[in-house]
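To start, the structure under review is shown below, and the notes come after it.
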Amino acid sequence: MKLTNSQEEYLKTIYILEKNSGKIRVTDIAKKLKITKPSVNRAIKNLRDLDLIEYEVYGDINLTYQGEETAKEIIKKQDIVKMFLVDILDVDEKDAEEEAKSMKYAISPDTTKKLEKYITNIMDLGDLDCDYDENNPKCQSCIKVTIKNRFGKKQKNMKL
């Protein structure tokens, strides 16, 4: 299923709010995205029709299994693009964040996988002696530090 850019942003926001606070209401999404509650109501109706969320009027909003998996993929795609921009191209972190938000809509899942493979190969992460779990925040933090350390050394020998 192909979601619109707006639907992806809503789904990502719902996922993040759910992980941070548990219960999500229309007001929470409106505040986070700085938009009106009627706009949020239209969007969540569409997401509910796509079976990505469960929602009853004036009730809590919950992601379905499919909604959660889709949100994780959206976030992963943005993180991969941002990692490429920051760690490979040495783009400023703040600029990379904004650019990754826009770029994630333009690349296919296949391109995302290839970009992830490229980053993994260039960063030479295959020698890590651990049970790396991409969903574990501790592992994500460790990988970021490892990449920065390794790429900092490689970057001295390269001109971008």
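Of the conditions (1) among the polar types (S, T, N, Q); (2) closer than 14 Å to GLU9 by Cβ; (3) surrounded by fewer than 17 Cβ atoms within 10 Å (Cβ to Cβ), THR111 satisfies every one except a single condition; which number is it?
(2)
Do you know which of the residues in the stretch 1-32 that are among the basic types (Lys, Arg) and outside any helix (DSSP H, G or I) is nearest to ALA106 (Cα to Cα)?
For the stretch 1-32, the residue satisfying everything is LYS2.
Here is a list: ASN46, ASN41, ASN20, ASN62. Which entry is surrounded by fewer than 19 Cβ atoms within 10 Å (Cβ to Cβ) and touching a strand residue (DSSP E or B) at 6+ places or on another chain (Cβ under 6 Å)?
After ruling out the rest, the residue left standing is ASN62.
Just to be sure I understand the filter: pairs with C-beta atoms under 9 Å, separated by 6 or more residues or on different chains, first member in the stretch 78-99 and among the aromatic types (Phe, Trp, Tyr), second member crowded, with 20+ Cβ neighbours inside 10 Å and in a helix (DSSP H, G or I). Which pairs pass?
PHE84/ALA96; PHE84/ALA100
Read-outs throughout are calculated quantities, based only on the coordinates presented, and are distinct from any laboratory measurement. In this text the structure is predicted, and so the values were computed from the model without any measurement. Here Cβ is always computed from backbone atoms with ideal geometry, including for glycine, and neighbour counts include all displayed protein chains.
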